[in-house]
1. Taking the conditions exactly as written (out of contact with any helix residue (DSSP H, G or I) (no Cβ under 7 Å at 6 or more places or on another chain), outside the structural domain of residue 91 (by TED's automatic domain parsing) and at pLDDT 95 or above), does residue 149 satisfy them or not?
2. Based on what the data block shows, is residue 260 in a loop (DSSP other than H, G, I, E, B), touching a helix residue (DSSP H, G or I) at 6+ places or on another chain (Cβ under 7 Å) and either at positive phi or surrounded by fewer than 17 Cβ atoms within 10 Å (Cβ to Cβ) (or both)?
3. Just to confirm my filter: which helices (runs of 4 or more DSSP H) fall fully inside region 52-126 and include at least 2 residues that are at pLDDT 95 or above and in contact with a helix residue (DSSP H, G or I) (Cβ under 6 Å, 6 or more places away or on another chain)?
4. So which residues in region 231-287 are closer than 20 Å to residue 158 by Cβ, over 20 Å from the mean Cα position of the chain (by Cα) and free of Cβ contacts under 8 Å to residues at least 60 places away in the same chain?
5. Of the residues that make up region 54-69, is at least one surrounded by fewer than 20 Cβ atoms within 10 Å (Cβ to Cβ) and over 24 Å from residue 34 (Cα atoms)?
6. Output yes when any residue across region 288-298 is farther than 20 Å from residue 60 by Cα and in contact (Cβ under 8 Å) with a residue 60 or more places away in the chain, and no when none is.
């Protein structure tokens, strides 16, 4: 594992190692055991998309590991003024030990990895959100004890979250069911990957997807950069909501996950959100621990 670009690049073993290490680091932090294993290391954090959880969790995580996080907005870099990605990658590789980037195009993340000589971490693109999904899988495993054999249901947009959850869930031998409008299906490459797995199903009916689910997951109907489509999407996604009816279709002990921010009354009701708030905020906390595990694996001394 040289980079974290997308879930498709990880094996079942890779994901298991990250989750096990995340559990260990979380235990150590909760018990006051210092783990300054990245002392002297630097992480450049490039943000072309705004962030709450990604920025704070990576900054805090790098600090807790003894390293130095450096925040770099697009306006701070020449990449924001037209410098080719390949040149930015070659320069930053000589200063930093790793780069985390949160941007729009997956191609930009891939170009950094291709042209640089240091580990690249995808903090989010329009195609993939591997850091969030690792935190999701960590949280599900905490609550359920294991991942294999569980049914994961995602209701909503075929966006970066659906793409990454489909791949991550199937790689961890979960049953994965997704519900989305026909015009908002997941990426074709993800659909091709999923088609080879009999444990995958896709439907336009949220109740069908939720039936017998161990975990229900959703995300906003209009992601960052799609605000201009908000009204169109409200119409298209009406009914694609985690609510009492959907929860009743799932298992009685089904848990709920949401990557946040949540728009109560749209993709999830306020009642459903608050009833499962502990699970959702444990999930948010686990961004910190899962990302620390990724940082240790990629930037730590081999």
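The values are calculated or read from the model by the stated rules, or taken from the named source; none is laboratory data. Treat the numbers as computed from the prediction; the structure is a model and nothing was measured. Methodologically, a virtual Cβ is constructed for each residue, glycine included, from the backbone with ideal geometry; neighbour enumeration extends over all protein chains shown.
1. So residue 149 passes the test.
2. yes
3. 53-64, 106-115
4. Passing the criteria: 231, 232, 234, 235, 236, 238, 239, 266.
5. No; the residues of region 54-69 include none that is surrounded by fewer than 20 Cβ atoms within 10 Å (Cβ to Cβ) and over 24 Å from residue 34 (Cα atoms).
6. No - not one qualifying residue is present in region 288-298.
Here is a yes/no grid of residues against (1) surrounded by 14 or more Cβ atoms within 10 Å (Cβ to Cβ); (2) in contact with a helix residue (DSSP H, G or I) (Cβ under 6 Å, 6 or more places away or on another chain); (3) within 21 Å of residue 68 (Cα to Cα); (4) in the same structural domain as residue 187 (by TED's automatic domain parsing):
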site	(1), (2), (3), (4)
1	yes, yes, no, no
11	no, no, no, no
14	yes, no, no, no
19	yes, yes, no, no
25	yes, yes, yes, no
29	yes, no, yes, no
32	no, no, yes, no
36	no, no, yes, no
39	no, no, yes, no
